Amino acid sequence: EAGVTQFPSHSVIEKGQTVTLRCDPISGHDNLYWYRRVMGKEIKFLLHFVKESKQDESGMPNNRFLAERTGGTYSTLKVQPAELEDSGVYFCASSQGRGFYGYTFGSGTRLTVV
Amino acid sequence: QKEVEQDPGPLSVPEGAIVSLNCTYSNSAFQYFMWYRQYSRKGPELLMYTYSSGNKEDGRFTAQVDKSSKYISLFIRDSQPSDSATYLCAMQGAGSYQLTFGKGTKLSVIP
């Protein structure tokens, strides 16, 4: 079974530019999550999709962040315009049903805004 | 006050040592307690989980939860160099999908 795939693995952009991160969950997993780790801080929840619907986006920091999940398959997280404080590692995870034990994390996208 | 406190270390031990990692938390609603292991440049990988209070053992790993003290621990016996990683505690409330993580403790096991 293929795992959760994220790309790019690393992105360096200038402040004010736009970046789009992509996550391909495990096939058949209805639940998809985005988390972020800013340097020196904990991994923090951003949002949760069930199929193509946003179930919980309480962790999204502001309206510069836009997440979509096309047809309930892959998901994108767009940051526009990027700010310096957006630098960090963005993790995607997916699960088939309820509960933490189904979580599988991707390797993350390391975003650096300069 | 942070919801989950975890000493980031780093922690360095000789091979074969017993390692003790721990977290404290403040949110009484947490019901599920997890330990994730994260190798460099990889995503977190679930190592062990416990529901409510109690102990759980899996090979060289033992997880303990004391809800009365809001304190959880992970013990690693006979530590190996391959155990070198960052260990993250994470917690979840009943009915919630969100995981609340500690900062993680970086462990190095020296051969």
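Go through the range B:89-111 and give me each residue that's within 14 Å of B:N22 (Cβ to Cβ) and either of a type in the set (S, T, N, Q) or open to solvent by less than 60 Å² (accessible area, probe 1.4 Å) (or both).
At the first step, the residues of the range B:89-111 found to be within 14 Å of B:N22 (Cβ to Cβ) are B:89-91, B:102-105, B:107.
B:C89, B:A90, B:M91, B:G102, B:G104, B:T105, B:L107, listed by residue number.
Just name the residue that is farthest from the chain's Cα centre (by Cα) out of those in the range A:61-114 that are among the basic types (K, R) and more than 13 Å from chain B (Cβ to nearest Cβ).
Narrowing the range A:61-114 to residues among the basic types (K, R): A:64, A:69, A:78, A:98, A:110.
After this cut, where a residue has to be more than 13 Å from chain B (Cβ to nearest Cβ) as well, the list is A:64, A:69, A:78.
On the way: A:R64: 14, A:R69: 11, A:K78: 9 Å.
Once the filter is applied, the top-ranked residue is A:R64.
Please specify each residue of the range A:1-36 satisfying the condition of being farther than 15 Å from A:K78 by Cβ, open to solvent by 60 Å² or more (accessible area, probe 1.4 Å) and within 14 Å of the chain's Cα centre (by Cα).
Of everything in the range A:1-36, those that are farther than 15 Å from A:K78 by Cβ, open to solvent by 60 Å² or more (accessible area, probe 1.4 Å) and within 14 Å of the chain's Cα centre (by Cα) turn out to be A:T5, A:S9, A:H10.
Has the range B:8-16 got at least one residue that is out of contact with any Gly (no Cβ under 6 Å at 6 or more places or on another chain), of a type in the set (V, I, T), farther than 25 Å from A:G88 by Cβ and touching a residue at least 40 places away in the same chain (Cβ under 8 Å)? Can you show your working first?
As a first pass, look at the range B:8-16 and keep what is out of contact with any Gly (no Cβ under 6 Å at 6 or more places or on another chain): B:8-16.
Pick out the ones that are also of a type in the set (V, I, T) and you get B:13.
Keeping just the survivors that are farther than 25 Å from A:G88 by Cβ gives B:13.
With touching a residue at least 40 places away in the same chain (Cβ under 8 Å) added as a condition, the list becomes B:13.
Yes - at least one qualifying residue is present in the range B:8-16.
Restrict the check to the range A:91-103 and report whether at least one residue is open to solvent by 20 Å² or more (accessible area, probe 1.4 Å) and modelled with pLDDT of 95 or more.
no
Specify which of the listed residues (B:R37, B:R60) is touching a Pro at 6+ places or on another chain (Cβ under 8 Å) and either open to solvent by 50 Å² or more (accessible area, probe 1.4 Å) or closer than 17 Å to A:I43 by Cα (or both). Write out each step before concluding.
Working: B:R60 fails: touching a Pro at 6+ places or on another chain (Cβ under 8 Å).
Just one listed residue meets the conditions, B:R37.
What tally of residues in the range B:79-88 results from selecting those that are in contact with a Gly (Cβ under 9 Å, 6 or more places away or on another chain) and either among the β-branched types (V, I, T) or buried (at least 18 other Cβ atoms within 10 Å of the Cβ) (or both)? Before the answer, list the steps.
If we filter the range B:79-88 for residues that are in contact with a Gly (Cβ under 9 Å, 6 or more places away or on another chain), which is where we start, we get B:79-80, B:86-88.
From what's left, either among the β-branched types (V, I, T) or buried (at least 18 other Cβ atoms within 10 Å of the Cβ) (or both): B:79, B:86-88.
Selection size over the range B:79-88: 4.
In the range B:55-111, which strands (runs of 3 or more DSSP E) lie fully inside it and hold 2 or more residues that are away from every other protein chain (no Cβ under 13 Å) and not aromatic (F, W, Y)? Show your work before the answer.
Details: elements: B:61-66, B:71-76, B:85-93, B:105-110.
So the answer is B:61-66, B:71-76, B:105-110.
So which residues in the range A:37-59 are surrounded by fewer than 16 Cβ atoms within 10 Å (Cβ to Cβ), farther than 16 Å from A:L21 by Cβ and not basic (K, R), if there are any at all?
Matches in the range A:37-59: A:M39, A:G40, A:V50, A:E52, A:S53, A:Q55, A:S58.
Determine whether the range B:4-11 contains at least one residue that is outside any loop (DSSP other than H, G, I, E, B), farther than 20 Å from A:G59 by Cβ and either open to solvent by less than 20 Å² (accessible area, probe 1.4 Å) or polar (S, T, N, Q) (or both).
We begin by selecting, within the range B:4-11, every residue outside any loop (DSSP other than H, G, I, E, B); these are B:4-6, B:11.
From the residues that got through so far, the ones that are farther than 20 Å from A:G59 by Cβ too are B:11.
Now drop any that are not either open to solvent by less than 20 Å² (accessible area, probe 1.4 Å) or polar (S, T, N, Q) (or both), which leaves none.
Scanning the range B:4-11, I find no residue that is outside any loop (DSSP other than H, G, I, E, B), farther than 20 Å from A:G59 by Cβ and either open to solvent by less than 20 Å² (accessible area, probe 1.4 Å) or polar (S, T, N, Q) (or both), so the answer is no.
Which of (1) more than 13 Å from the chain's Cα centre (by Cα); (2) over 21 Å from B:P14 (Cβ atoms) does B:D78 not meet, given it meets every other one?
(2)
The values are calculated or read from the model by the stated rules, or taken from the named source; none is laboratory data. Please read these numbers as outputs of a predicted model, since none were measured by experiment. As a convention, Cβ positions derive from the backbone with ideal geometry for all residues, glycine included, and neighbour counts pool all protein chains shown. Remember, those area values only see protein heavy atoms, side chains included, never the ligands or the DNA or RNA. Shrake-Rupley method; radii C 1.70, N 1.55, O 1.52, S 1.80 Å.
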